[in-house]
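Inspection log for the structure reproduced underneath, given as structure tokens.
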Amino acid sequence: MVLLIWALVIFSQSFSLWFTFFHVYIPGVKQAAQLVSLEMRTLETSMSLTDKQTFIDALMQEQPEENSVFFTIDENDVPDETSYVMTDLFVEPMKDVLGAGALVRLGVAPKPGMWVSNDALNGIWIHLPLVHFLPYDGLLVTTWVVGTPTVAFLLAAIFARRFSRRLKRLEEAARRIGRGEPVMTLDMENGPKEIIAVNQAFNQMRTSLERETRERALLLAGISHDLRTPLTRMRLSAEFLGENDRELQEGVIRDIQDMDDILDQFIAFIRDGDDEATDVGDLNEVLQEVASQFQADDVDLSLHTQPVPDISLKRLSLKRMFGNLVGNAIRHGGGKVDVYSGMENGEICVVVADRGPGLTEKEMLALFQPFARGDESRSTQGSGLGLAIVKRIVDMHHGRVELRNREGGGLEARVYLPVTGEMVPPESMMARMR
């Protein structure tokens, strides 16, 4: 925007210079040249009617007045012929009118003046004062040529900065609302009317999203809460099945436990982790705790850690996140799970890898959406919220997560966390409900 405004000012100024030069300056010079040509012809005619020497003596007897036309035959009074831009812009148009053989000299010191002669005048030079023709102030011209674009550039920069700052706030608000973070109401009173209109539309969108999110949270929380009671009754009923129905009993209890786990994932997805205090600690300690829990259950899990700097973290949320990743790797990866941690390009990188069948690129992108599952090569157990919870917790820590097919077969989840010490404080759906 600044460059566009500046280019418009430069173009306008260039056009003004062109118009002034060709339609004001050049016509004025040629008009003055016509008068000079008339005076030169008058002198030539006078010299042809009288004795040349007598005519010259009569001219030289007159004392020139200040800022008046006078004549001279002394070459020392005539300035040397010089050529630079300003003299050429004046002298060349004069010569075009005066014709071939005309001699034109221009002087600017001590006062601007012009000397003209030709072969017919036989050494007589006519001095024409340029009191009102060349009173150019260098500082004034420089200020106009350089100062005007500079002022225009500064004013455009100030205007564009004020405009872009409002757009920047809108961009930041859009990013925050995309991450599920709380967003303040944008200003709808100050600024250009177009920005006010956009802010108003954004505020309406934010309000609608908050209402829909609140309603969704209420719905999920209500379903999760209400289903707990019948599930508990069903489990108690299953416990009283006879010994002859042991296989049926175990199957029912296992299904009820799966349903209970799914409800736990619903609640974890809703809560967002906002009720947990932020701590500064070593991420490897969190990984060690998660690995110990799975290794205690005889899971074939190997942990390889390298030193990483302390960061701001929510310990329980990260344990839930890595627990989901390891759980997915156990269910879908053939039992063997490898976990690595270390630094990569200035970020903390944690890799959870398995030896399962892997996924296509399209399936990898879809898995981070709520209720999404992989293809038929993987189990269909669970709610499909595991990786959605992982992504939400990673976003909370200003990080990113991605899935890759592993060399030699299998899938690996890579979590990158920046070493910034900052924490995104998401507004919990449960907090809005309360």
Quiz item: With respect to L154, is the statement that it is surrounded by fewer than 16 Cβ atoms within 10 Å (Cβ to Cβ), modelled with pLDDT of 80 or more and within 30 Å of V183 (Cα to Cα) true?
Solution: no
Exercise. Working carefully through the options T87, T82, T54, find the one that is in contact with a Leu (Cβ under 7 Å, 6 or more places away or on another chain) and at pLDDT below 80.
Key: T87
Quiz item: Limited to the range 162-194, what total is found for residues that are polar (S, T, N, Q) and more than 13 Å from the chain's Cα centre (by Cα)?
Solution: 2
Exercise. Would you check if there is a residue in the range 201-217 being under 30 Å from W6 (Cβ atoms) and surrounded by 15 or more Cβ atoms within 10 Å (Cβ to Cβ)?
Key: no
Self-check item: Answer from V352, V326, V308, V339 - the residue that is assigned to a helix (DSSP H, G or I), closer than 20 Å to I393 by Cα and in contact with a helix residue (DSSP H, G or I) (Cβ under 7 Å, 6 or more places away or on another chain)
Solution: V326
Exercise. Return yes when L301 is over 23 Å from G410 (Cβ atoms) and touching a strand residue (DSSP E or B) at 6+ places or on another chain (Cβ under 7 Å) and no when it is not.
Key: no
Quiz item: Filtering the range 121-148 down to residues that are within 23 Å of E44 (Cα to Cα) and exposed (fewer than 15 other Cβ atoms within 10 Å of the Cβ), which residue is modelled with the highest pLDDT?
Solution: G123
Quiz item: Residues of the range 304-320 being in contact with a strand residue (DSSP E or B) (Cβ under 8 Å, 6 or more places away or on another chain) and among the hydrophobic types (A, V, I, L, M, F, W, C), which ones?
Solution: V308, I311, L313
Practice problem: From (1) under 41 Å from the mean Cα position of the chain (by Cα); (2) at pLDDT 90 or above; (3) farther than 30 Å from R214 by Cβ; (4) not polar (S, T, N, Q), pick out the condition that doesn't hold for I311. | Solution: (2)
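In this structure, does V198 turn out to be under 23 Å from the mean Cα position of the chain (by Cα), closer than 30 Å to I393 by Cβ and either surrounded by 13 or more Cβ atoms within 10 Å (Cβ to Cβ) or assigned by TED's automatic domain parsing to the domain that holds S12 (or both)?
Spelling it out, it is not the case that V198 is under 23 Å from the mean Cα position of the chain (by Cα), closer than 30 Å to I393 by Cβ and either surrounded by 13 or more Cβ atoms within 10 Å (Cβ to Cβ) or assigned by TED's automatic domain parsing to the domain that holds S12 (or both).
The values are calculated or read from the model by the stated rules, or taken from the named source; none is laboratory data. A quick note: this is a predicted structure, and the numbers were derived from the prediction, not measured. Quick reminder, even Gly has a Cβ in these numbers, built from the backbone with ideal geometry, and neighbours come from all protein chains shown.
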